[in-house]
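To start, the structure under review is shown below, and the notes come after it.
The values are calculated or read from the model by the stated rules, or taken from the named source; none is laboratory data. Only a predicted model underlies this, so the values are computations on that prediction, with no experimental measurement involved. A quick note on method: Cβ atoms are made from the backbone with ideal geometry, for glycine too, and the neighbour counts reach across all protein chains shown. We work out accessible area using only protein heavy atoms, side chains counted, and drop any ligands, DNA or RNA first. Shrake-Rupley method; radii C 1.70, N 1.55, O 1.52, S 1.80 Å.
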Amino acid sequence: MATIVILAMVFLFVAFRLWSVLGRRTGHEQTIARPAEAAPAPIAAGRSLPDAAAPTAPGRPALVEPRAETGLRAIQSAESHFDPAHFVEGARSAYRMILEAYWNEDLDTLRNLTGDSVYEAFADAIAQRKEAGQKLDNRLVTIENAVIEQAALSGRQASITVRFEADIAAVTRDTEGTVIAGSLTDAVPTHDVWTFAREVKSDDPNWVLIETDEAA
């Protein structure tokens, strides 16, 4: 009985972590063997979107691409507490959580953080991996950048697409733990485009991952 209670507490913590980080401010992101990541540029007072024509700090890409601004303003109009800068911080955390859940074959976590089609794709890939007798030993070294590319509000359904640029150390092991592909000492640049969705003004605060793709 004590084990069941502990597992339930862990499950509730993971579910709470996702909704609390998307659209709300979080703590510092942890990285492996890399300097701490620079915080994204703050949104101006009043949660207005940054001026697309305004210059950005040297070496710091824009937080929001111009084509996403109209959609973000629509979401902000529907939910005044929504803050794009905080959303990006949360999206970074969600990116890490979902990748690690996939690598660790944690279907319960994936079920709570992803939409049906994404969950099924992850679950199928995990099943194929198990059938082949393989396990992933990957590490998310750092998230170099996260930018909102698209945003839309259709009725009450809000969706936000984020492009992630990250370095990942990828290793595949067999059932004996022997490395059969990849290396933990060489990080591979990765470019992902993920879309999160949520119904605005809903009692459910969760944003879920509904689509994944690779950046062109």
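Taking segment 181-201, which residues are part of a strand (DSSP E or B) and modelled with pLDDT under 90?
Filtering segment 181-201 for residues part of a strand (DSSP E or B) gives 181-182, 188-199.
Selection gives Gly182 alone.
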Quiz item: In segment 184-201, which residues are open to solvent by 40 Å² or more (accessible area, probe 1.4 Å) and more than 15 Å from the chain's Cα centre (by Cα)?
Solution: Leu184, Thr185, Asp186, Ala187, Val188, Pro189, Glu199, Lys201
Practice problem: Report those helices (runs of 4 or more DSSP H) wholly inside segment 66-152 carrying at least 2 residues which are closer than 19 Å to Pro205 by Cβ and of a type in the set (Gly, Ala, Ser). | Solution: 69-78, 84-103
Exercise. Could you check how many residues of segment 145-169 are open to solvent by 40 Å² or more (accessible area, probe 1.4 Å) and in contact (Cβ under 8 Å) with a residue 24 or more places away in the chain?
Key: 7
